[in-house]
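Inspection log for the structure reproduced underneath, given as structure tokens.
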Amino acid sequence: MSTSAGRDTGPGSERLAALERLRARVQRTADSDEPRYSRLRTAFLDALAAGDWPPGDKLPPETEIAKAVGLSLGTVQKALARLAGDRVLVRRHGHGTFVSGEASHSNQLLHFRFVADDGSAIVPVYAEALDRSVVRVRGSWSEFLQAPSCIRIRRRINVADEFDCISEYYIDADKFAAVLELPLGELDRVIIRNLLANRFNAPALSITQRIAAAAFPPGIQRLLKLPKAKIVGENSFGIVFEIFSHTHHRAPVSFQRIFIPAGVRQLEIPSPNLR
């Protein structure tokens, strides 16, 4: 998007501009006999083709769409339901509506490649940033990164709208302080290793991985909304990944911890090729 002096080009302005273009598309067919929900569905398809909401992106709330395009909430819901039925969109109760496609992270989130029922395809996954903060508590992350304080980015990874996983991503708070200035919503769809490579010239060139079956800490159980258990059982037990990433000259660049509940889909673990 081009910029000019005094023009707001932040995420909020881009969101409003996309909704304005959607309204214009709907208005162009105002004289048609086609049902309103169908006209809105077509307008959405045109907007998605134009890249207003790329694959993996989260749409604005239904009420905001209805107000922006001048149609009833029921009309918007019907149009979105039709698009979800066509697998153009994925609707997640309590989380929102997302654009389908490969950029929904299925192929780029290396540790969340869950196998579909046919045994070969990878089911769609969607990342939702929960919080981002500076942590000074010592742990595996600080020992590896050799940093007095770290930025921790926690995301919930929804898998095919069937179950959730939790990702904790740690980076040096001094080296990557600019990450704290990003709108939290931008961290929903970004591949964090790509962000570090492109904005900070800190690509992950090699990784070491560890995996264990372990009980989840209470905080992780709460984020996953698992039922409380007095003893360690299937609901509080699962797979824990630890991923140690190195950049140039084998310098540590990130530490990631992933929690995958027990009793879910099979996980495909590809040979990493990060170069």
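Tabulated data
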quantity	calculated
Residue match in the range 117-138 (condition: within 15 Å of F44 (Cα to Cα), touching a Gly at 6+ places or on another chain (Cβ under 9 Å) and outside any loop (DSSP other than H, G, I, E, B))	no
Near pairs, Cβ below 8 angstrom, 6+ apart or cross-chain, from the range 10-26 (within 23 Å of L184 (Cα to Cα) and acidic (D, E)) to any residue that is at pLDDT below 95 and open to solvent by 20 Å² or more (accessible area, probe 1.4 Å)	E14/M1
Residue match in the range 130-144 (condition: at pLDDT below 90 and open to solvent by less than 30 Å² (accessible area, probe 1.4 Å))	no
Qualifying residue in the range 45-63 (condition: assigned to a helix (DSSP H, G or I), crowded, with 17+ Cβ neighbours inside 10 Å and β-branched (V, I, T))	no
Hits in the range 1-27 - residues which are part of a loop (DSSP other than H, G, I, E, B) and either surrounded by 12 or more Cβ atoms within 10 Å (Cβ to Cβ) or modelled with pLDDT of 90 or more (or both)	T9
Matching residues in the range 125-150 - criterion: being closer than 25 Å to F163 by Cα and touching an Asp or Glu at 6+ places or on another chain (Cβ under 7 Å)	A127, E128, A129
Where a residue in the range 151-180 is under 12 Å from I192 (Cβ atoms) and its partner, wherever it lies, is at pLDDT 95 or above and in a loop (DSSP other than H, G, I, E, B), with Cβ under 7 Å and at least six apart	I151/A173; I151/F176
Restricting the range 252-270 to residues that are hydrophobic (A, V, I, L, M, F, W, C), over 19 Å from P203 (Cα atoms) and part of a strand (DSSP E or B), the residue that is modelled with the lowest pLDDT	L267
Pick from the range 71-94, criterion of a type in the set (D, E, K, R), open to solvent by 40 Å² or more (accessible area, probe 1.4 Å) and over 17 Å from A47 (Cα atoms), ranking: modelled with the highest pLDDT	K78
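The values are calculated or read from the model by the stated rules, or taken from the named source; none is laboratory data. A quick note: this is a predicted structure, and the numbers were derived from the prediction, not measured. With ideal geometry, Cβ positions are generated from the backbone for all residues, glycine too; neighbour counts draw on all protein chains shown. We work out accessible area using only protein heavy atoms, side chains counted, and drop any ligands, DNA or RNA first. Shrake-Rupley method; radii C 1.70, N 1.55, O 1.52, S 1.80 Å.
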